[in-house]
Amino acid sequence: MGRFLAKRLGSMLLAFFGMTIIAFGLIRVIPVDPVEAYFTMNQIPISEEGLASMREEEGYNRPLLVQYSTWLVDAMTLDFGESFVSKKSVTAELLQRFHVTLTLAATAFIMIVTVSLTVGIWSATKRGGFIDWLSRSFIFTLASMPSFWLAFVFVYIVALKWGLLPLMGWGSFAHVILPAGTLALGFIPYYIRLIRSSMLEEVNKPHVVFARARGVKESVIIRRHVVKGILPQLVTSLAMTCGGLLGGAAIIEIVFTISGVGRFVVESMFARDYFVLQGFIVMIGGLYIVFNFVADLLCALVDPRVRIKGDGA
Amino acid sequence: MKKLSSFLLIFALSIVAACGNLEDKKQSTSSNPKSVLTMSWVKDIGQVNPHMYAPNELFAQAMLYDPLVSYGEDGKIQPALATSWEMATDGKSYTFTLRDDVMYSDGSKLTAENVKRNIDTVVDNSAAHSWLEVVAVIDNVEIIDELQVKINLKEPYYPFLQELSLIRPLRMLADSGFPESGTTKDGIAKPIGSGPWILTDYQQDSFAEFTRNENYWGEKPKLKKVIVKIIPDAQARMMALEKGDIDLIFGSGQLAPAEYQALQKTGKYQTMISEPSSTRILSFNTTYGVTQDKNVRLALQHAFDRQTMIDYVLNGLEQEAYTLFAPGFPFSDIKLEHYTYNLEKATQLLEDAGWALESGATFRTKNGQTLTLVIPYNSGDQVHKTIFEYLQSAWREIGVEVQLIGEEDQLFKMRSKTGQYNLIMNDTWGVPYDPHMYIRTMTGDKQIGYYAQKGLAVSEQLTANIGKVIRSTDEGQRRALYESIFQTIHEEAIFMPLSYRTNYLVANNELANLSFSKQQYEVPLKNFEVK
């Protein structure tokens with residue numbers, strides 16, 4: 001387990017370093033820099049001399065390697081620089097909004113896990129039954145609807161027509177339900193299908209057949225053998241979804257008028273706010289890497305084959 | 001079991017509903033319907049730094065800060081923080097006498113020293129304001145006494161007072177609003193102004209609360225509070241209005257023409273359209289490809305049915321435009337013959353210029369070259385996209401090929417600077433910028449106006465006249481110069497005015513005294529009332 005852990009940690013650091021290069025490099029490849037973007041956004045015709053003097057002031061005309069290394073050194077201490085638009089610290093700007101996005105993503109995550117596990121297991125165990133039929137048609141319908149459109153339908157019916165939940169904004173738990181639900185709906189069909197099909201596969205495996213032959217109770221078989229068997233695959237998939245939820249909250253945040261990281265980053269993208277974008281990519285990328293690491297650990301705990309393979313290689 | 005679960009469901013829903021209501025009250029209008037107005041806005045208002053641009057929103061800057069002089073409804077310059085002013089005979093200095101009853105919202109008084117400090121900080125950051133002549137032309141500011149300042153200019157500049165009246169960057173911030181570094185280009189400490197409103201509560205990206213300034217020196221607002229909710233999505237704004245979370249959607253930036261019309265059709269709201277605020281124009285590039293040919297420019301003007309476009313794309317919300325500025329704009333009441341819709345004339349013009357339509361061909365050619373127009377546009381702008389698609393099909397009828405290039409906003413603007421286009425969408429700026437500011441862009445390198453005139457034989461004379469008109473201190477001479485400039489622009493057909501843009505609003509029926517400001521970026525909230 002020790003070697004497995006060390007190897008995983010090493011590759012995690014390497015991935016992290018690679019990501020900072022990509023974060024820095026990709027953004028500079030996009031045409032138009034923050035100084036120019038600022039003036040075009042304000043529809044101000046500015047002279048080349050004006051642009052040049054402001055670039056000089058902001059340090060955008062230093063060699064790229066110098067810019068990258070200064071940024072990287074600062075980033076190690078969690079100082080991601082200053083936003084060109086707001087002139088505030090990027091770390092503060094991101095953190096101020098991050099808890100909102102995190103609450104949204106975490107609630108959506110819980111919804112995904114509970115709904116898809118319940119429905120997935122149910123429809124796999126009662127295969128061909130009414131619930132199975134219903135859930136499968138439900139999956140097809142849901143999977144074919146874009147989430148922003150669903151968001152509007154929900155807002156229209158639940159918030160506007162029935163007045164059960166607030167239309168928009170942030171503040172209480174009631175504000176979280178609709179946006180988190182909409183966010184979760186984008187993922188739930190996938191997970192129901194994943195759980196159902198991997199369970200059906202698992203049911204026919206020799207150890208399950210053997211358990212059934214021994215006369216073990218069906219509910220125990222499902223819990224102890226089948227569900228446990230699909231866990232590694234599920235956990236790995238969920239880890240990827242965690243990052244996806246954080247990154248994918250942008251549209252939901254715009255529709256529901258929530259001041260989260262997603263909305264902020266979309267605005268920063270149009271403004272080419274380099275430091276905000278770099279900080280965001282590193283933050284979300286870092287979380288992806290950490291989630292994956294945790295998922296690997298969990299898999300290793302659940303499935304001894306993973307850690308033995310890791311130790312032996 | 002069934003009963004229990006339905007009971008639990010109802011119980012859960014009622015808790016949720018209770019939570020929702022609790023939260024709503026915090027920012028709701030209905031709690032105090034008589035004196036609070038809630039409106040939506042697309043973007044956060046920013047720090048509301050009077051001396052800088054985005055993310056500071058113009059309407060909020062106008063609510064908090066006052067200029068020395070203001071732009072009156074009739075286009076005349078009116079007293080504001082300054083009661084009177086005097087221009088030196090050579091036009092190179094202005095002496096302002098300040099009001100003695102102006103108090104900032106922190107209780108401090110407006111003084112000549114404070115005015116100097118404000119102007120100096122803007123002039124020190126001139127790189128950011130290089131587009132604005134007034135900043136470049138100010139030489140220094142002298143304090144005469146506590147309530148008198150003299151602004152010395154490097155050279156005479158007739159629109160000096162007009163540009164002082166702009167919402168930014170020359171409005172006054174209290175001393176306590178300046179940051180530690182002393183220069184507002186680093187941001188401000190607090191938004192302390194002398195305007196009709198005070199910013200009393202604010203949550204970034206969520207809402208801003210403005211309260212009436214009881215010490216305001218001018219006519220005080222009728223409303224007690226204005227709450228601005230930041231709602232970036234148009235559908236969400238419409239639903240918020242329907243639910244009663246907001247009372248007002250102000251400005252064409254918040255609703256597309258079709259959305260305005262949809263709300264109007266419900267019959268549940270009051271709707272209003274403003275007078276022309278600026279002009280939607282297509283600007284030709286006279287230095288690039290087929291649009292160097294004057295006959296092509298004229299033919300395209302005659303092959304454009306403005307009324308159809310306005311009816312079907314702009315839902316009838318704007319008026320046909322045939323001149324660069326709407327009649328009624330300063331110096332703009334000049335008789336010019338309109339290029340009206342006339343396909344025969346358009347075809348004739350192209351034939352005359354040698355653009356022939358071979359039998360069986362769809363597009364015209366001349367010396368092996370096809371008559372193709374390259375038109376880039378911002379792909380995020382649905383209205384522009386639809387206008388161009390309409391033009392693409394309309395011009396096909398006279399054998400002109402249109403190549404549309406939809407790009408992200410920043411990339412689109414970058415292309416506009418390179419001049420790699422034949423036609424491009426552009427708006428004039430509206431008062432008090434127009435006409436002088438838009439005209440002046442024609443002399444600036446790499447700007448849309450520059451590409452419009454650069455290829456003309458009369459380019460040099462035209463830009464010389466533009467240079468002269470903004471330096472001219474004689475009203476009569478100025479009028480004559482403007483007339484000649486507008487004449488040339490029209491004869492050379494370098495701009496194709498489409499429609500006069502309007503502003504519009506949708507409000508619930510409880511609001512009264514709604515109106516628009518002459519300046520399209522200002523919301524005249526001071527006059528609004530709740531019945």
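The values are calculated or read from the model by the stated rules, or taken from the named source; none is laboratory data. Here the structure is a predicted model, which is why all the values come from computation and not from measurement. Because the Cβ atoms are built from the backbone with ideal geometry, glycine has one as well, and the counts that use them run over all protein chains shown. Ligands, DNA and RNA are stripped out before the accessible areas are found, and what is left, the full protein with its side chains, is counted by its heavy atoms. Shrake-Rupley method; radii C 1.70, N 1.55, O 1.52, S 1.80 Å.
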> Can you spot a residue in the range B:234-241 that is at pLDDT below 90, more than 18 Å from B:A54 (Cα to Cα), surrounded by fewer than 18 Cβ atoms within 10 Å (Cβ to Cβ) and of a type in the set (S, T, N, Q)?
Replying inline: yes
> Applying the selection to the range B:182-197, what residues are within 12 Å of another protein chain (Cβ to nearest Cβ), in contact with a Pro (Cβ under 8 Å, 6 or more places away or on another chain) and open to solvent by 40 Å² or more (accessible area, probe 1.4 Å)?
Replying inline: B:D186
> So which residues in the range A:120-153 are within 14 Å of chain B (Cβ to nearest Cβ) and touching a Pro at 6+ places or on another chain (Cβ under 9 Å), if there are any at all?
Replying inline: A:A151
> Restricting to helices (runs of 4 or more DSSP H) lying wholly in the range B:431-492: which have 3 or more residues that are open to solvent by less than 20 Å² (accessible area, probe 1.4 Å) and more than 14 Å from every other protein chain (Cβ to nearest Cβ)?
Replying inline: B:459-471, B:475-491
> If you check every pair at least six apart or on different chains, which have Cβ atoms under 6 Å apart with a residue in the range B:213-241 that is more than 11 Å from chain A (Cβ to nearest Cβ) and farther than 21 Å from B:G46 by Cβ first and a residue that is among the hydrophobic types (A, V, I, L, M, F, W, C) and assigned to a strand (DSSP E or B) second?
Replying inline: B:N215/B:M103; B:L223/B:L37
> Where residues in the range B:349-387 are open to solvent by 40 Å² or more (accessible area, probe 1.4 Å) and among the hydrophobic types (A, V, I, L, M, F, W, C), which of them is nearest to B:E259 (Cα to Cα)?
Replying inline: B:F363
> Of the residues in the range A:266-299, how many are in contact with a Lys or Arg (Cβ under 9 Å, 6 or more places away or on another chain), surrounded by fewer than 23 Cβ atoms within 10 Å (Cβ to Cβ) and either within 14 Å of chain B (Cβ to nearest Cβ) or within 19 Å of A:A249 (Cβ to Cβ) (or both)?
Replying inline: 1
>> Would you confirm, using the coordinates I've provided, whether B:I398 is at pLDDT 95 or above and either part of a helix (DSSP H, G or I) or not small (G, A, S) (or both)?
In response: no
> Looking at (1) more than 10 Å from chain A (Cβ to nearest Cβ); (2) over 21 Å from B:N378 (Cβ atoms); (3) not in a helix (DSSP H, G or I), can you tell me which one B:Q420 breaks?
Replying inline: (2)
>> Within the range B:171-181, take every residue that is surrounded by 24 or more Cβ atoms within 10 Å (Cβ to Cβ) and more than 24 Å from the chain's Cα centre (by Cα) and give me the one that is nearest to the other protein chains (Cβ to nearest Cβ).
In response: B:G177
>> For the structure I just gave you, tell me whether B:Y390 is touching a residue at least 24 places away in the same chain (Cβ under 8 Å) and touching a His at 6+ places or on another chain (Cβ under 8 Å).
In response: no
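Listed here are the residues, each with its yes/no results for (1) open to solvent by less than 10 Å² (accessible area, probe 1.4 Å); (2) in contact with a Phe, Trp or Tyr (Cβ under 7 Å, 6 or more places away or on another chain).
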{"site": "B:V48", "(1), (2)": "yes, no"}
{"site": "B:H51", "(1), (2)": "yes, no"}
{"site": "B:P55", "(1), (2)": "no, no"}
{"site": "B:G72", "(1), (2)": "yes, no"}
{"site": "B:F96", "(1), (2)": "yes, yes"}
>> Where the second residue is among the charged types (D, E, K, R) and open to solvent by 20 Å² or more (accessible area, probe 1.4 Å) and the first is facing chain B (nearest Cβ under 7 Å) and lies in the range A:30-50, which pairs have Cβ atoms under 6 Å and are six or more apart or on separate chains?
In response: A:T40/B:K413
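Each row is one residue, and each column tells you yes or no for (1) in a loop (DSSP other than H, G, I, E, B); (2) crowded, with 19+ Cβ neighbours inside 10 Å; (3) assigned by TED's automatic domain parsing to the domain that holds B:L511.
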| site | (1), (2), (3) |
| --- | --- |
| B:L199 | no, yes, yes |
| B:D205 | yes, yes, yes |
| B:A208 | no, yes, yes |
| B:T211 | no, no, yes |
| B:P221 | yes, yes, yes |
| B:P232 | yes, yes, yes |
>> Based on this model, can you work out whether A:L246 counts as under 13 Å from the mean Cα position of the chain (by Cα) and either modelled with pLDDT of 85 or more or crowded, with 22+ Cβ neighbours inside 10 Å (or both)?
In response: yes
> Name the pairs whose Cβ atoms lie under 8 Å apart, with the first residue in the range B:278-305 and assigned by TED's automatic domain parsing to the domain that holds B:Y433 and in a strand (DSSP E or B), the second open to solvent by less than 10 Å² (accessible area, probe 1.4 Å) and basic (K, R), and 6 or more positions between them or separate chains?
Replying inline: B:F284/B:R297
> Would the range B:397-420 turn up any residue that is open to solvent by less than 10 Å² (accessible area, probe 1.4 Å) and free of Cβ contacts under 8 Å to residues at least 24 places away in the same chain?
Replying inline: yes
>> I'd like to check which helices (runs of 4 or more DSSP H) are fully inside the range A:143-207 and have at least 2 residues that are of a type in the set (D, E, K, R) and open to solvent by 20 Å² or more (accessible area, probe 1.4 Å).
In response: A:188-203
> Within the range B:200-240, can you find the residues that are more than 23 Å from the chain's Cα centre (by Cα) and of a type in the set (K, R)?
Replying inline: B:R212, B:K220, B:K222, B:K224, B:K225
> Can you tell which of A:F24, A:F80 is among the hydrophobic types (A, V, I, L, M, F, W, C), in contact with a helix residue (DSSP H, G or I) (Cβ under 7 Å, 6 or more places away or on another chain) and either within 14 Å of chain B (Cβ to nearest Cβ) or not in a loop (DSSP other than H, G, I, E, B) (or both)?
Replying inline: A:F24
> Restricting attention to the range B:307-336, which residues are more than 19 Å from B:S278 (Cβ to Cβ) and without any contact (Cβ under 8 Å) to a residue 12 or more places away in the chain?
Replying inline: B:D311, B:K335
> Would you call A:W133 closer than 25 Å to A:H99 by Cα and of a type in the set (F, W, Y)?
Replying inline: no
> Across the range A:208-222, what is the total count of residues that are in a helix (DSSP H, G or I) and open to solvent by 80 Å² or more (accessible area, probe 1.4 Å)?
Replying inline: 4
>> Of everything in the range B:142-170, what is open to solvent by less than 10 Å² (accessible area, probe 1.4 Å) and among the β-branched types (V, I, T)? Give them in sequence order.
In response: B:V149, B:I151, B:I167
> Can you tell me which residues in the range B:159-180 are assigned to a loop (DSSP other than H, G, I, E, B) and either modelled with pLDDT under 90 or over 30 Å from B:R479 (Cα atoms) (or both)?
Replying inline: B:P159, B:M172, B:L173, B:A174, B:F178, B:P179, B:E180
> When you scan the range A:33-87, how many residues do you find that are among the small types (G, A, S) and surrounded by fewer than 13 Cβ atoms within 10 Å (Cβ to Cβ)?
Replying inline: 2
>> Quick check on A:D273: is it closer than 30 Å to A:G10 by Cβ, among the acidic types (D, E) and touching a residue at least 24 places away in the same chain (Cβ under 8 Å)?
In response: no
